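Visitor: Mind looking over this structure? Questions follow.
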Amino acid sequence: MTATTEPTVVVDIGGTKIAVARVENGAISERHQIATPRTGHGSDLTDAVAATVRKITAQPARLGVATTGIVADGCLTALNPGTLPVENNYPIVAALRRRVGVAPLAVNDAQAAAFHESRSMSGTAKRLAFITVSTGIGAGIVLDGQLQTGHHGLAGHAGHITVDWSGPLCGCGRRGCVEMIASGTAIAKRASDVTGRDMSAPAVFAAAYQGDEQCGKVIEDAVSALAAMIADLVASLDLDVIRLGGGVGLVPTFLNRLRDTMERLPPVYRRPIEPARGGAEASLLGVAALLDEKFLQS
């Protein structure tokens, strides 16, 4: 069976923004972006998604949704509600089917991006982690060509690896998670606390570039926490390569600092750190690719 020639509509739900795009022949041909509703009600989230989908088409032939959080059995749960406030086990697939008229394929956003990135691995590389550093921190894992999701949808939520047992309390219920130190949200909060100024993550990077030592230390701590998390993933999964994405992860100075920090680790933990080939669209392209694979196997 060959893949449908009808356009696919894909959605990327993040803690800050929602992107909705038409994908044709493996490329994005139309894209819309809105702010993520943060009311805590899944109905507001799916209403916003459906309204944006309708800017592209009244009813898509196929719909894919990549979202931050845990996706299992068609339901969405935010491991850290601070990243995406939504009810536990919100039935996102059923809700969107009612609103849009087609049942979507729903998957975690980092898992979707990891699938896209794995398709460009070359040589002997078979085991990849995609890590997104944005509003929160997530990861997707592909081992020997197989995307790892887990029975409970939890596979890859490496942002909740603890790196500081006395660190700040995370929305997941643990202390010192990487997400509370290295995410864009955490970088902005920590810099605001130490400087006494209300700062965004881009402002922190700009200040550090201008020589602000306090902001520089916040970024240094973030990079160190992320490097420790990557080393744990390498030790657990014997990864071949790391692809980095997200609004913070794709900042060149952040990526370069992370590479430098990884080089100071014992050699056994070092792996190539590369920017995501799909850039900011890796999750959109990944869920489209998963739809293609699902269709081809049906």
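The values are calculated or read from the model by the stated rules, or taken from the named source; none is laboratory data. Computed from a prediction, not measured in an experiment: that's the story for all the values here. Note: ideal-geometry Cβ built from the backbone for every residue, glycine included; neighbour counts use all protein chains shown.
Visitor: So, in region 91-112, of the ones that are under 19 Å from the mean Cα position of the chain (by Cα) and not aliphatic (A, V, I, L, M), which residue ends up surrounded by the fewest Cβ atoms within 10 Å (Cβ to Cβ)?
Guide: The qualifying residue surrounded by the fewest Cβ atoms within 10 Å (Cβ to Cβ) is PRO104.
Visitor: Considering only region 270-278, I want to know if a residue exists there that is under 15 Å from the mean Cα position of the chain (by Cα) and in a helix (DSSP H, G or I). I'd like the intermediate steps shown before the answer.
Guide: Quick first cut of region 270-278, residues under 15 Å from the mean Cα position of the chain (by Cα) only: 275-278.
Checking which are in a helix (DSSP H, G or I) leaves us with none.
Within region 270-278, none of the residues are under 15 Å from the mean Cα position of the chain (by Cα) and in a helix (DSSP H, G or I).
Residues checked against (1) in a strand (DSSP E or B); (2) farther than 15 Å from LEU290 by Cα; (3) assigned by TED's automatic domain parsing to the domain that holds ALA186:
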| position | (1), (2), (3) |
| --- | --- |
| ASN88 | no, yes, no |
| ALA103 | no, no, no |
| ALA114 | no, no, no |
| ALA125 | no, yes, yes |
| ILE131 | yes, yes, yes |
| GLY138 | yes, yes, yes |
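Visitor: Out of ALA206, ALA227, ALA276, ALA280, which single residue is surrounded by 14 or more Cβ atoms within 10 Å (Cβ to Cβ), among the small types (Gly, Ala, Ser) and over 30 Å from VAL10 (Cβ atoms)? Working first, answer last.
Guide: Details: ALA206 fails: surrounded by 14 or more Cβ atoms within 10 Å (Cβ to Cβ); ALA276 fails: over 30 Å from VAL10 (Cβ atoms); ALA280 fails: over 30 Å from VAL10 (Cβ atoms).
Of ALA206, ALA227, ALA276, ALA280, the one residue that is surrounded by 14 or more Cβ atoms within 10 Å (Cβ to Cβ), among the small types (Gly, Ala, Ser) and over 30 Å from VAL10 (Cβ atoms) is ALA227.
Visitor: So which residues in region 152-169 are assigned to a loop (DSSP other than H, G, I, E, B), under 19 Å from the mean Cα position of the chain (by Cα) and surrounded by fewer than 23 Cβ atoms within 10 Å (Cβ to Cβ), if there are any at all?
Guide: Quick first cut of region 152-169, residues assigned to a loop (DSSP other than H, G, I, E, B) only: 152-157, 161, 163-168.
Keeping just the survivors that are under 19 Å from the mean Cα position of the chain (by Cα) gives 152-157, 161.
Hits for region 152-169 are HIS152, GLY153, LEU154, ALA155, ILE161.
Visitor: Sticking with this structure for a sec: Do we find that HIS157 is within 24 Å of PRO252 (Cα to Cα) and in contact with a strand residue (DSSP E or B) (Cβ under 8 Å, 6 or more places away or on another chain) in this structure?
Guide: So HIS157 fits the description; yes.
Visitor: Restricting attention to region 116-138, which residues are among the polar types (S, T, N, Q) and modelled with pLDDT under 90? Spell out the reasoning first.
Guide: As a first pass, look at region 116-138 and keep what is among the polar types (S, T, N, Q): 118, 120, 122, 124, 132, 134-135.
Within region 116-138, SER120, SER122, THR124 qualify.
Visitor: Out of all the residues in region 181-240, which are free of Cβ contacts under 8 Å to residues at least 24 places away in the same chain, over 14 Å from ARG257 (Cβ atoms) and in a helix (DSSP H, G or I)?
Guide: Those that are free of Cβ contacts under 8 Å to residues at least 24 places away in the same chain, over 14 Å from ARG257 (Cβ atoms) and in a helix (DSSP H, G or I): ALA188, LYS189, SER192, ASP193, THR195, PRO202, ALA203, ALA206, ALA207, GLU213, GLN214, SER236.
Visitor: Report the residue count in region 53-89 for those that are in contact with a Cys (Cβ under 6 Å, 6 or more places away or on another chain) and at negative phi. Before you say what the answer is, go through the steps one by one.
Guide: Initially, region 53-89 is screened for residues in contact with a Cys (Cβ under 6 Å, 6 or more places away or on another chain), giving 79-80, 89.
Those still in the list that are at negative phi too: 79-80.
Residues meeting the conditions: 2.
Visitor: Quick one: SER134 ticks every box in (1) crowded, with 24+ Cβ neighbours inside 10 Å; (2) farther than 21 Å from LEU79 by Cβ; (3) under 19 Å from the mean Cα position of the chain (by Cα) except a single one, so which number is it?
Guide: In the conditions (1) crowded, with 24+ Cβ neighbours inside 10 Å; (2) farther than 21 Å from LEU79 by Cβ; (3) under 19 Å from the mean Cα position of the chain (by Cα), SER134 misses (2) alone.
Visitor: Let me ask something else about it. Provide a single number: the residues in region 37-57 that are part of a loop (DSSP other than H, G, I, E, B) and hydroxyl-bearing (Ser, Thr, Tyr). It would help to see each step written out before you state the result.
Guide: Within region 37-57, the subset part of a loop (DSSP other than H, G, I, E, B) is 37-41, 54-57.
In the following step, the residues that additionally are hydroxyl-bearing (Ser, Thr, Tyr) were identified as 39, 57.
Final tally of qualifying residues: 2.
Visitor: Just the residues that are closer than 20 Å to SER283 by Cβ and either not in a loop (DSSP other than H, G, I, E, B) or not β-branched (Val, Ile, Thr) (or both), please, taken from region 170-180. Let's see the steps before the verdict.
Guide: From region 170-180, those closer than 20 Å to SER283 by Cβ are 178-179; that's our starting set.
Selection gives GLU179 alone.
Visitor: Taking GLY140, is it in contact with a Phe, Trp or Tyr (Cβ under 7 Å, 6 or more places away or on another chain) and crowded, with 24+ Cβ neighbours inside 10 Å? Before the answer, list the steps.
Guide: Numbers: in contact with a Phe, Trp or Tyr (Cβ under 7 Å, 6 or more places away or on another chain): yes; crowded, with 24+ Cβ neighbours inside 10 Å: yes.
Taking the combined requirement at face value, the residue satisfies it.
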